[in-house]
1. Which order, highest average first, do 163-171, 282-290 follow once you tally other Cβ atoms within 10 Å for each residue and take the mean per peptide?
2. Just reorder MET79, MET1 by solvent-accessible area, largest first, 1.4 Å probe, all chains present.
3. Across the stretch 299-313, in residue order, what do the Karplus-derived ³J(HN,Hα) couplings come to in whole Hz, using 6.51 cos²θ - 1.76 cosθ + 1.60 with θ = phi - 60° and x for Gly and Pro?
4. Where Lys and Arg each count +1 and Asp and Glu each count -1, what net charge lies around TYR219 among other residues with Cβ under 13 Å from its Cβ?
5. Among the lysines, select those whose C-alpha is under 29 Å from the C-alpha of LYS174, and discard any that sit fewer than 8 residues away in the same chain.
6. Short version: what are the Cα gyration tensor semi-axes of the stretch 237-317, square root of 5 times each eigenvalue, largest first, in whole Å?
7. For the stretch 134-253, what number results from the quotient of the Cα radius of gyration and 2.2 N^0.38 Å?
8. Over the chain, with the other protein chains present, what is the accessible area per residue in square angstrom, probe 1.4 angstrom?
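The values are calculated or read from the model by the stated rules, or taken from the named source; none is laboratory data. All values derive from a computational prediction rather than experimental measurement. Please note: Cβ atoms are built from the backbone with ideal geometry, for glycine as well, and neighbour counts cover all protein chains shown. What goes into the accessible areas is simple: the full protein's heavy atoms, side chains included, and nothing from ligands, DNA or RNA. Shrake-Rupley method; radii C 1.70, N 1.55, O 1.52, S 1.80 Å.
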Amino acid sequence: MSEVEKKLATLRQQINDYNYQYHVLDAPTVPDAEYDHVMQTLRQLEAEHPELVTVDSPTQRVGGEPLAGFTKVEHTVPMLSLANAFNEQDLRNFDRRVREGLAVDQVDYVCELKIDGLAVSLRYQDGQFQQGATRGDGSIGEDITHNLRTIRSIPLKIKEKQTIEVRGEAFMPKRSFLALNEARLEREEEPFANPRNAAAGSLRQLDPKIAAARNLDIYLYAVGKWEAGTLATHSERLTYLQELGFKINPEWRKCQDIDEVINYVNGWLNHRADLAYEIDGIVIKIDRIAYHDILKTTAKSPRWAIAFKFPAEEAVT
Ligand SMILES: NC(=O)c1cc2c(N)ncc(C(N)=O)c2s1
């Protein structure tokens, strides 16, 4: 490796680390001026050696020309929708069905905030971000790699040379949504109705420069196709995704029975306003993966998970 290539690799690693600290850990270690200086140095060196620019360089997050259209992507593992619960009795019925189906008295659940955004799937090949797609109809989605690359909390390469597919929710934080609509009103453009529509509208753009300007973010919460998949519980998978460098929502909790689940749900019902992003409920999953394989899915939804839906929140204004 030449001296220039070593210098480029060092600068790229430095920017990737700064991005990880700022956008994934929400804990920057250098001031913005330092970040800008290192990024400018990298851009300058790449301009002097264009033949050494690599696709995983942080300077390549915002692509060049807009796409002519979207290509279709088949999801190797279907992205299912969740059955809904609307009250405590629905949750207790779910729990009873689960324990009867498994012939067990006790089941550990994992509760997670249900992010009100756009479900996406990210595929990594040997640790490099290869392709990202919308959920679509659950089997076929649209390739939106060019837009997902602009989300700085999505790592362009992960900490292991894994070939893995991860699922999550891309979203627009409330603050970004308010600023975007203010700017649109000033330009006499139609404001977005809610952050979910704004995120979906941003990710369905053909020009990545538009998505890059929308301050989108993402939380990952599941694994799709995964060769080395061995971990026995969903909670271990969340921890593993975090160790790989993915952004995991920190509010997840393991609950040892449905009463704890109901307490968690009620706790968040009245604290949504405290969050920097919109949620439309709580997702409850059985923690043990072996139980998922026993209960399996209906044509549409897993039997080992349910979404508790919150009443529609008053609009973010
Ligand atoms: N449709 C689905 O399967 C899901 C949808 C969502 C969502 N919008 N937010 C969070 C999770 C999660 N943490 O599992 C899930 S799972």
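1. Details: 163-171: 22.4, 282-290: 20.9.
In descending order of packing, they fall as 163-171, 282-290.
2. Numbers: MET79 15, MET1 155 Å².
Most to least solvent-accessible, the answer reads MET1, MET79.
3. Coupling constants for the stretch 299-313: 4, 10, 9, x, 8, 9, 8, 8, 10, 8, 8, 7, x, 4, 7 Hz.
4. Values: positive: LYS114, ARG167, LYS247; negative: ASP26, GLU112, ASP116, GLU169, ASP217, GLU251, GLU278.
Neighbour charge sum, excluding TYR219 itself: -4.
5. Leaving aside lysines fewer than 8 places away in the same chain, those within reach of LYS174 are LYS114, LYS157, LYS209, LYS247, LYS254, LYS285, LYS309.
6. 24, 18, 14
7. Values: Rg = 16.0 Å, N = 120, 2.2 N^0.38 = 13.6 Å.
Expressed relative to 2.2 N^0.38 Å, the Cα Rg reads 1.18.
8. It amounts to 50 Å² per residue over the chain.
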